[in-house]
1. Among the candidates Tyr110, Tyr150, single out the residue that is touching a Lys or Arg at 6+ places or on another chain (Cβ under 7 Å) and either among the small types (Gly, Ala, Ser) or over 22 Å from Thr250 (Cβ atoms) (or both).
2. From Val139, Val202, grab the single residue that is over 26 Å from Trp42 (Cβ atoms), assigned by TED's automatic domain parsing to the domain that holds Ile260 and not hydroxyl-bearing (Ser, Thr, Tyr).
3. Can you pull out the residues in the stretch 144-198 that are within 17 Å of the chain's Cα centre (by Cα) and more than 21 Å from Met54 (Cβ to Cβ)?
4. Would you mind listing the strands (runs of 3 or more DSSP E) fully within the stretch 246-307 where at least 2 residues are touching a residue at least 60 places away in the same chain (Cβ under 8 Å)?
5. Scan the stretch 154-167 residue by residue and report those that are in contact with a Gly (Cβ under 9 Å, 6 or more places away or on another chain) and either within 24 Å of Gly207 (Cβ to Cβ) or assigned to a strand (DSSP E or B) (or both).
6. Mind telling me which of the residues Leu183, Leu196, Leu157, Leu179 ends up being in contact (Cβ under 8 Å) with a residue 60 or more places away in the chain, buried (at least 22 other Cβ atoms within 10 Å of the Cβ) and within 16 Å of the ligand (Cβ to nearest atom)?
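The values are calculated or read from the model by the stated rules, or taken from the named source; none is laboratory data. Small disclaimer: the values here were computed from a predicted structure and weren't measured. In this analysis, Cβ positions are derived from the backbone assuming ideal geometry, glycine residues included, and neighbour counts consider all displayed protein chains.
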Amino acid sequence: MNRRQFFYSRKLMGAATAALIALTVLFVLAWQALPDGRLRLWFLDVGQGDAILMRFPAGEWVLVDGGPDASVLAHLGHLMPFYERELELVILTHPHADHVDGLVEVLERYRVRNLLLTGVKYDYAGYERLLDVAREGGVKLLYSSDGVDYAIGRSGLDLIYPGTMLRGRGIENVNNSSLVFRLIHGEWRGFFSGDLEEEKEVELLTGRAVSGGARAPMAESGAGEPGGRAPGGLDLSANLLKAGHHGSKTSNSADLVKAIGPSEAIISCGAGNSFNHPAPQTLETFRRAGVTVRRTDLEETIEVAVP
Ligand SMILES: [Zn+2]
């Protein structure tokens, strides 16, 4: 081997080693990103708004609301492996900017199989844009009014409200159109109600807010439920509560919290937000009910791993 051949063979060896290291790093990253058989939730720190990413045990990704802007994309880019660009389901609880605007960005950049929404009539450009992008991208629109509870592997969604009453119709306070559901996984339940306010919470408790026939519980009530049946007969019990309306005092009534009976409540709100969310009254309600509170304005993104 002359000097020139020696030089090239060393260069080749160097390139091969670099390629091997790169492959190993990619392999380790991919291996780490594999689903671990647990349901994981991330309450994303998107400032003043809601965005909750979920990964189901078999690897499906679900996003509930998208926050107020494109900041949700950075979270998805960080939490989802770079080679996964598909969301099984996106849920829009209601079409206010702090829930819908980030979803437009997500639908423009990710393949979304299904979009679940109430179909409430509401005049807002961001909402129109979301529906346009969904139709252009061939996203399947699912309406809560269809009354079908959604199953993902052995987990699922128990759709509670609004039933059939809001599709294609307006409502005075669009917060009260918020899709309410329980996330069910084994014996574990999570309760999500968007920005639903107290007057509708009361109706959930009496069963009046739920239109007949639109919902059928997808899972039989399990043992060890933390709460109990509301007076109206609905099973609202859950281990975890996504606090209503960013911890506002207009939501999270003591009676609803009691009926849900969570051990943990997550408040999604922006640090130093102008609404003064969460309200001291809400924090007091949780304190009295013995509920542990976690807040995105204090902790940033909060991860919950369901056993
Ligand atoms: Zn909101």
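1. Of the residues listed, the single one that is touching a Lys or Arg at 6+ places or on another chain (Cβ under 7 Å) and either among the small types (Gly, Ala, Ser) or over 22 Å from Thr250 (Cβ atoms) (or both) is Tyr110.
2. Among Val139, Val202, only Val202 is over 26 Å from Trp42 (Cβ atoms), assigned by TED's automatic domain parsing to the domain that holds Ile260 and not hydroxyl-bearing (Ser, Thr, Tyr).
3. Asn175, Ser177
4. Working: elements: 264-267, 292-295, 302-306.
The qualifying strands (runs of 3 or more DSSP E) are 302-306.
5. Hits for the stretch 154-167 are Ser155, Leu159, Gly163, Thr164, Leu166, Arg167.
6. Leu179
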